[in-house]
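Asks: Let me begin by handing over the structure; questions about it come next.
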Amino acid sequence: MIDRSVPRRVLPAPEPGGAAAVPAALPVRPRTGRLLVLATVFVCAACGLVYELELLALGTYLIGDSVTQASVVLSVMVFAMGVGSLLAKRLRHRPALGFAAIEAGLALLGGLSAIALYASFAWLGESRPALVAFSFAIGMLIGAEIPLLMVLIQRIRRQDAGGAVADLFAADYVGALVGGLAFPFLLLPMLGQLTGAMLTGTVNAVVGGGLVLWLFRRDLSRRCRWLLIVVNLAVLVVLASATVLADDFERVARRAVYGSEVRVAVQTGVQELVLTGPATGSPRSLDLYLDGRLRVSGYDEHRYHEALVHPAMTGPHARVLVLGGGDGLAAREVLRYRDVTSVTVVEVDPGVVRLARTDPMLSALNAGVYGDPRLAVVNQDAFRWLRGPAANDRFDVIVSDLPDPGITPSTKLYSQEFYGLAARALAPGGRMAVHAGPLATRPRTYWTVDATLRAAGLRTAPYSAGGRLTGFAAGPDRTPRGGTGEPPRDWGFVLAARDQEPRLRVDRETPGLRSLTTGSLQDAARDAERFRMSGLPPSTLPHPRYS
């Protein structure tokens, strides 16, 4: 991308002896030389946008809240591009050398940005300062490219400044389009974030250095040529070495983040799945992380899933819909009831379902539910599925087992529009159980879910996982497990119904319950009222209220 603040008249009037006044001595015809410069602009723009998207993707993955990370990266980079454009004026008398040096620095910083951010997250526990620093440095170098390229293209053949700017902008924008499409559809799925960034840096160094060392080599002294050759070779060696060591680095970094028992690490088209714990033994030692956030902890997941599912099952429950829950644990609780005739699990990531089917420990934890003929799986976004042909289906129970509403990709699944679709899918007398995020530590988010359900025409009964709300940790999607001696984690739920006020109770005859009773639910409901926040507006698609 380029800084749109580049002035209309980029070049000063030609001065005797100035770089702008002396035509370049090229090894090719001027027309061919211009095409090579524009092709370099195209490639550099594609590389620059890949760096930007890498920072956005990795910042969202490591820190969360994609809206905030996008705002930080974009605003810092655009500001830095302006700074780089101003600083480039100091290099305009030696544009070829300056451009080659900038491309070498950009290739090195951009190529190593992803691995540096991940290292900061793994060993320092915080990657936001590194994200801001790399956004500024890369943006500054990108901003310095166009002014120098403008000088170089004018040295080949003088033309009206407006025409030269139009040519450069056209090549830049088309290159940005190619880079923007290559990142999600080619680099990320085939190479991953780390290797994809380093390959982009390699292309950047070869093209930028190659243009100057061949096309503008007569503008350089012998010493400068050798200096650029050595610098570019050093950059390529560093990037090649980092690429070779990338897999080992990822394994070491994962151990630093997740502990020494990382057993499965898979990057699906939706998220990264990491499964920790021994390959054999008790499933209670298993932990499942989705995009770096603890989603399932074997030692206490039963408390979460029992509290989520069983209060909604006190009534008709022949047909059950589970939104999310690809790990099969919510479905396990549902299928304890012999009179359940069908369970539909709508999970956006087929990789989660595949892992839950095939991993011995996770399959043991979910009691092999994917072998039950009553269960059917739909791999689709829950919002889209509820709007599609399934809109005519009716379910006695809906279980919303989704990530916390504060995680930006999940925000639409906690909106008034989404709950309106879910309410339409409820059969008469049906009930809906919603995981609403931490109650004690994030009460505003929790009570916004409650207000949003009410705005969708549902009546609600708030409650928690059944423990006393004192000294809880930060929630199921944020805090790693520290041991079985920890206090219970902060899980908040809302039971909702369309036709009547929902009652919080569980049937005594429910098989296999370990921690949930009607008394504990009612205690949890009273605890929830202590944190009530009234008068909160509902969250909608055009106006999300979660942070």
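The values are calculated or read from the model by the stated rules, or taken from the named source; none is laboratory data. Bear in mind that the values here come from a model prediction, so they are computed numbers and not experimental data. FYI the Cβ positions are ideal-geometry reconstructions off the backbone, even for glycines, and counts take in every protein chain you see. The protein model used for the area step is the full one, side chains on, heavy atoms only, and it has no ligands, DNA or RNA in it. Shrake-Rupley method; radii C 1.70, N 1.55, O 1.52, S 1.80 Å.
Asks: So what is the orientation-averaged projected area of region 124-211, using the convex hull of its C-alpha atoms, in nm²?
Replies: Average of the hull's projected areas for region 124-211 equals 7.3 nm².
Asks: Before rounding to the nearest 500, sum -39500 (n - 2.57) across all DSSP H runs of length at least 4 in the chain and divide by the residue total; then give [θ] at 222 nm in deg cm²/dmol.
Replies: The helix contribution divided over the chain gives -16000 deg cm²/dmol.
Asks: Once the Cβ-Cβ distance between LEU541 and SER241 is put in as r, and R0 is 35 Å, what FRET efficiency do you end up with, to the nearest 0.05?
Replies: About 0.15, to the nearest 0.05.
Asks: Using only the Cα atoms of the chain, each taken as one equal point scatterer with no solvent, compute I(q) by the Debye sum, divide by I(0), and report log10 of the ratio at q = 0.05, 0.10, 0.12 Å⁻¹.
Replies: -0.28, -0.84, -1.04
Asks: Calculate the length of the line joining the C-alpha centroid of region 148-177 to that of region 110-147, in whole Å.
Replies: A separation of 28 Å, based on Cα centres.
Asks: For region 414-449 and region 48-87, compute the distance between their C-alpha centroids and round to whole Å.
Replies: 33 Å
Asks: What's the extension gain from ARG255 to PHE79 if we count 0.36 nm per residue and subtract their Cα-Cα distance?
Replies: 59.7 nm
Asks: Do any trypsin sites (Lys or Arg not before Pro) in region 131-213 lie in a DSSP loop with no more than 16 other beta carbon atoms within 10 Å, and if so, which?
Replies: Passing sites in region 131-213 are ARG157, ARG158.
Asks: Mind ranking TRP226, TRP385 by accessible surface for me, highest first, 1.4 Å probe?
Replies: TRP226, TRP385
Asks: Where does each of 50-58, 171-179 land if you order them by average Cβ count within 10 Å, highest first?
Replies: Peptide ranking by packing, descending: 50-58, 171-179.
Asks: Looking at the chain only, what percent of DSSP beta bridges run antiparallel? Nearest 5 please.
Replies: 55 percent
Asks: I would also like to ask the following. Compute the label zone of ALA455 within region 498-534: residues whose backbone N is under 15 Å from the point 7 Å along Cα-to-Cβ.
Replies: Correct set: 534.
Asks: For region 499-546, run through the trypsin sites (Lys or Arg not before Pro) and keep only the ones in DSSP coil with at most 10 other Cβ atoms within 10 Å of their Cβ.
Replies: Counting only loop positions with at most 10 other Cβ atoms within 10 Å, the trypsin sites (Lys or Arg not before Pro) in region 499-546 are ARG508, ARG514, ARG530.
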